[in-house]
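Structure record follows, encoded as structure tokens.
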Amino acid sequence: MKHSGGLVYSTEGGRMCPVCRRPQTQCVCKSQQAAQSLGDGKVRVTRETGGRGGKAVTVVRGLPLDAAALTQLGKQLKAACGTGGTVKDGVIEVQGDQAEKVLALLLAQGYAAKRAGG
């Protein structure tokens, strides 16, 4: 059994964050994660097949949105394309080769998106 060690609870600060090891009221992990999830502002739409058994997936990277807004935009894109997909690690993935449709939808919403890759 692997023991990660570290303080889980303190009578001084209450529950402790397992990552930064600070009291949860003073945790800096969530603010760092929110800052990382915001994209670099260069919205890129690509089509990828690597690691997916040859299936094409349209990937949107670099959106300057927080996690909640990114999830909402992902829902809109999936509904407009009539396919499934996911939002994870600041990236929207839409099933199928939907790059042109996704690009048009992003441009219509005012994002400075461009097609990247082949």
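Observations
- Lone unmet requirement of (1) surrounded by fewer than 13 Cβ atoms within 10 Å (Cβ to Cβ); (2) touching a Gly at 6+ places or on another chain (Cβ under 8 Å) for Ala68: (2)
- Within the range 75-92, the set of residues being over 9 Å from the mean Cα position of the chain (by Cα) and within 17 Å of Leu107 (Cβ to Cβ) comprises Gln76, Leu77, Ala80, Cys81.
- Options Val102, Val87; residue that is modelled with pLDDT of 90 or more and in contact with a Gly (Cβ under 6 Å, 6 or more places away or on another chain): Val87
- Leu105 under 17 Å from Arg47 (Cβ atoms) and either small (Gly, Ala, Ser) or assigned by TED's automatic domain parsing to the domain that holds Arg44 (or both): yes
- Entry remark, the range 28-47: residues being modelled with pLDDT of 90 or more and either more than 15 Å from Ala112 (Cβ to Cβ) or of a type in the set (Asp, Glu) (or both) number 2 in total.
- Test: residue in the range 103-115 that is charged (D, E, K, R) and either in contact with a Ser or Thr (Cβ under 7 Å, 6 or more places away or on another chain) or assigned to a helix (DSSP H, G or I) (or both): no
- Residue check for Lys88: among the basic types (Lys, Arg) and more than 18 Å from Gly51 (Cβ to Cβ): no
- For the range 64-102, the tally of residues that are among the polar types (S, T, N, Q) and part of a loop (DSSP other than H, G, I, E, B) stands at 2.
The values are calculated or read from the model by the stated rules, or taken from the named source; none is laboratory data. Source: prediction; values computed, not measured. FYI the Cβ positions are ideal-geometry reconstructions off the backbone, even for glycines, and counts take in every protein chain you see.
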